[in-house]
Amino acid sequence: MSVAFGISVGAVPAFGASSDPWLARTAVAFNLGGSVLGSYPDAAGASYDGSGTVVVDIDGAFHPENPYLNIIGEACFGQPVGTTPWPSLCNTNNFVRRPLAQNPYTGYYFSALAGSSKPSNSPVSSCIEPASQTFCHNFHGTATAGTINGRQATRWESATELSYSVGAAKGASVFAIKVGGGTGSSTGWPIESVIDALNYVNNGLLTRQDIGSKIVAVNLSVAGTFRPSGSSCTADAVRINAIAATLKAKGVAVIMAAGNDGGVGIGGWSCGSNIIRVGATGLATPTVLTSYSNVDWSIQLYAPVGEGNYLAHDTLLVPYQSSGLTPAAGTSFASAEVAGVFAVLRQKFGKAPSVDSLLRLLQSSGRALTGADSNYASLSAKVVNLPAALNRTP
């Protein structure tokens, strides 16, 4: 599953008063065309940061206590032992029955209590990362959530301590849904948990009076097993796409990673027509694909992420576990960036424009891909330039 998720992280070298002249390049908002502090101006003088919106992030697990995150709600979905290689890691024995004709005892584990999205073992399974000896799914969700709406951090640039915004939409809120399962040291996202989470957004969260009308996007920083260009969608992708169609009709964009195989194609989970697929470009060269990003005619958008190389100044810094920041790379973060971008667009344009019209807005205002691999991309696929989009009409 590491290829499907697409993330690499590493320890950040010690900060020094004279070691960080490239501060802006590590800030997500800056690379999307905004300020280092995380705001995006338009020609009328207004400024936007996603305030008043909610993005749902479905991922392996999260650290809501990380000070850079703004997580307003949590949930966890897990599957019974024997139904998947990666059984529930929800810290609960609350079992919801989902009777099927062939098995009346089928169902899933569920919790929406505070802390339910955190990495943990469960009453039915335990899973430990062998290298770090921490609970499985210990960093990916925290990193993607922070890429969506990470708050301000401070660093030294020359002799001055400066602030910058970690996420694409610092004013937005995130609802975190944990779907990571596992046993021993084997981890994955059961497709049933992903489907359960998407249905929960549609049938549960969107009906809530407090946040339902504020939900603008669902981020799934996963792609699935690589499928060459032109391959048919998998059965799992068809299921994801069906719920994505329902959400899109309600004004909620479902955004997924293009995958990190460095090939011409996409992930098997993300090929549906109602999914927005996002690839990754560099930071120093924001219109050139990274070495790992998939490219395909069906990928609609690209976003600057970089190669994750701190020493080469080609990386974002994203929230890491319960505190701190780390370099990271992968289309996981391109997907999360675009989820934040939709939050900013909805803040300005409201709920009236359709998801498709906002996608077309980003394509018409974005920058064209360059480099040899751009020949495999759709001519309409562009690198996000958010201020330019804010100055147009959907």
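The values are calculated or read from the model by the stated rules, or taken from the named source; none is laboratory data. Note that this is a predicted model, so its numbers are computed, not measured. We place every Cβ from the backbone using ideal geometry, glycine too, and count neighbours over all the protein chains shown.
Any idea which of 311, 358, 325 is at pLDDT 95 or above and among the aliphatic types (A, V, I, L, M)? First the steps, then the outcome.
Details: 311 fails: at pLDDT 95 or above; 325 fails: at pLDDT 95 or above.
None of the others qualify; the one that does is 358.
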- Please find, within the stretch 235-255, the residue that is surrounded by the most Cβ atoms within 10 Å (Cβ to Cβ) out of those that are more than 14 Å from residue 54 (Cβ to Cβ) and of a type in the set (Gly, Ala, Ser). 244
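Please determine, by comparing only the residues of the stretch 20-79 that are among the aromatic types (Phe, Trp, Tyr) and within 30 Å of residue 285 (Cβ to Cβ), which one is farthest from the chain's Cα centre (by Cα).
Here is the first cut: in the stretch 20-79, the residues among the aromatic types (Phe, Trp, Tyr) are 22, 30, 40, 48, 62, 68, 77.
Remaining after also requiring within 30 Å of residue 285 (Cβ to Cβ): 22, 30, 40, 48, 68.
Working: 22: 24, 30: 18, 40: 20, 48: 20, 68: 16 Å.
Once the filter is applied, the top-ranked residue is 22.
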- Residue hits (the stretch 365-378; part of a loop (DSSP other than H, G, I, E, B) and either at pLDDT 95 or above or within 20 Å of residue 346 (Cα to Cα) (or both)) are 366, 369, 377, 378
- Task: Please enumerate the residues belonging to the stretch 301-313 that are within 20 Å of the chain's Cα centre (by Cα), in contact (Cβ under 8 Å) with a residue 40 or more places away in the chain and surrounded by fewer than 24 Cβ atoms within 10 Å (Cβ to Cβ).
- Result: 308
- Query: So which of 114, 131, 169 ends up being part of a loop (DSSP other than H, G, I, E, B), modelled with pLDDT under 90 and under 21 Å from residue 61 (Cα atoms)?
  - Reply: 131
- Message: Going through 237, 176 one at a time, which residue ends up being in contact (Cβ under 8 Å) with a residue 60 or more places away in the chain, touching a strand residue (DSSP E or B) at 6+ places or on another chain (Cβ under 9 Å) and either farther than 23 Å from residue 82 by Cβ or in a helix (DSSP H, G or I) (or both)?
- Response: 176
- Consider residue 230 carefully, then state whether it is in contact with a Gly (Cβ under 6 Å, 6 or more places away or on another chain), not in a helix (DSSP H, G or I) and not hydroxyl-bearing (Ser, Thr, Tyr). no
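Name the residue, out of 338, 318, that is within 20 Å of residue 260 (Cβ to Cβ) and assigned to a strand (DSSP E or B). Don't jump to the end; show me each part of the working.
Numbers: 338 fails: assigned to a strand (DSSP E or B).
From the options 338, 318, the qualifying one is 318.
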- Query: With (1) free of Cβ contacts under 8 Å to residues at least 40 places away in the same chain; (2) surrounded by 21 or more Cβ atoms within 10 Å (Cβ to Cβ); (3) of a type outside the set (Lys, Arg) as the list, and residue 132 as the residue in question, which single condition is left unmet?
  - Reply: (2)
